[in-house]
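Below you'll find the structure, written out as structure tokens, and then a few comments.
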Amino acid sequence: MRITVLGSAAGGGFPQWNCNCRNCAGVRSGTVRARPRTQSSIFVLPDEGADGVLFNASPDILEQIRSRPALQPARALRDSAIAGVVLMDGQVDHATGLFMLRERKGALPLWCTDPVEEDLTEGNPILRVLGHYCGVDRHRIPLDGSAFAIPGVADLEFRALPLSSKAAPYSPHREQPVDGDNIGMLMLDRASGRRVFYAPGLGQITPAVFDAMAGADCVLVDGTFWTDDEMPRMGLSAKTARDIGHLPQSGPGGMLEWLAKLPAGTRRMLIHINNTNPILDEDSAERAQLQHAGVEVCEDGMQIHL
């Protein structure tokens, strides 16, 4: 299995267009050693395949495709290596890039849960708008743990797990969460037996989620905030990380505490990193703490081969 990190930032990217926090101002001026990032998305291919699966379609998808030639194999006048798109939720930073794929020759193969389909039909009607262009061939993601496959991507098997997080602000069930608002994905390469667990939005680690993480060779999980009070402390929001559905890395019960419980051979990676998170500064004490714990920070263009 080959995974390309197309984007590793949270919504707004890094630096965020209107933000002058220490990280954003520093990366612009060169006073902070950090790398710009686009909004989070990954592309997954089987070892022997040319076509793969796009997980989340960020608003930066055109830039991400231009930067990664493997997504445009140029086998025909109109071509793409994207065999299908899987949405982990219905958030703006994970779904509005679908608009940029509207020139597709046929209907766009899309996998999402029923609640996400509702979000993108009623709350933010992206799927209805696409009906005026290429159209959407929507497939339901099961939430009972049963496996599903994506045509054109041989040897890869997918299983979804409902997550505790938050639906988009325009979701009909924003304040009344339902299973399927957010999911994690366990991916199996049947040829090698290797497994990856992917969860860019994760508010709580339940026993089922931890079992999936512990059974994976690599985990790519929510790296949005370092502390629970990161946004209120900076005066940017009244809501904590947990309020908006993200488990902070530090503190009791934080992501680092959970990652430390995984088997020694598990590759641990953080993705969907907010522009305010001090781990973006490669010289920060927080980044040094991650390195000591054996936890990696995803970067745009990173290649993971399992």
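The values are calculated or read from the model by the stated rules, or taken from the named source; none is laboratory data. Since the model is a prediction, treat every value here as computed from it, not as a measurement. Neighbour counts run over all protein chains shown; Cβ positions are idealised from the backbone, glycine included.
Is it the case that segment 81-101 has a residue that's surrounded by fewer than 22 Cβ atoms within 10 Å (Cβ to Cβ), at pLDDT below 95 and farther than 20 Å from Asp181 by Cβ? The answer is no, given that none of the residues of segment 81-101 is surrounded by fewer than 22 Cβ atoms within 10 Å (Cβ to Cβ), at pLDDT below 95 and farther than 20 Å from Asp181 by Cβ. So is Ser250 more than 21 Å from Gln204 (Cβ to Cβ) and of a type in the set (Ser, Thr, Tyr) or not? So Ser250 fails the test.
Sort out for me the strands (runs of 3 or more DSSP E) sitting completely within segment 139-214 that have 2 or more residues that are crowded, with 22+ Cβ neighbours inside 10 Å and out of contact with any Phe, Trp or Tyr (no Cβ under 9 Å at 6 or more places or on another chain).
In segment 139-214, the matching strands (runs of 3 or more DSSP E) lie at 195-199.
Would you point out the residue of segment 104-121, among those that are out of contact with any Lys or Arg (no Cβ under 7 Å at 6 or more places or on another chain) and modelled with pLDDT under 95, that is surrounded by the most Cβ atoms within 10 Å (Cβ to Cβ)? My answer is Arg104. Return yes or no: is Gln176 of a type in the set (S, T, N, Q) and more than 17 Å from the chain's Cα centre (by Cα)? Yes, satisfied. Restricting the first member to segment 97-110 and to residues that are touching a residue at least 12 places away in the same chain (Cβ under 8 Å), and the second to residues that are of a type in the set (S, T, N, Q) and surrounded by 14 or more Cβ atoms within 10 Å (Cβ to Cβ), the beta-carbon pairs closer than 8 Å and six or more apart or on different chains are Gly97/Ser41; Gly97/Asn56; Gly97/Ser58; Arg104/Ser80.
Being out of contact with any Cys (no Cβ under 8 Å at 6 or more places or on another chain), closer than 26 Å to Leu270 by Cβ, surrounded by fewer than 20 Cβ atoms within 10 Å (Cβ to Cβ) and not charged (D, E, K, R) narrows it down to one of Gly30, Gly52, so name that one.
When all the criteria are applied, what remains is Gly30.
Condition check for Gln249 on (1) polar (S, T, N, Q); (2) over 17 Å from Ala34 (Cβ atoms); (3) touching a helix residue (DSSP H, G or I) at 6+ places or on another chain (Cβ under 6 Å): one failure, at (2).
Filter segment 268-306 down to the residues that are of a type in the set (D, E, K, R) and touching a residue at least 24 places away in the same chain (Cβ under 8 Å), then identify the one that is farthest from Trp226 (Cα to Cα). Across segment 268-306, the extreme among qualifying residues is Asp300. Looking across segment 32-67, the residues that are assigned to a strand (DSSP E or B) and under 20 Å from Leu108 (Cα atoms) come down to Ser41, Ile42, Phe43, Val44, Leu45, Gly52, Val53, Leu54, Phe55.
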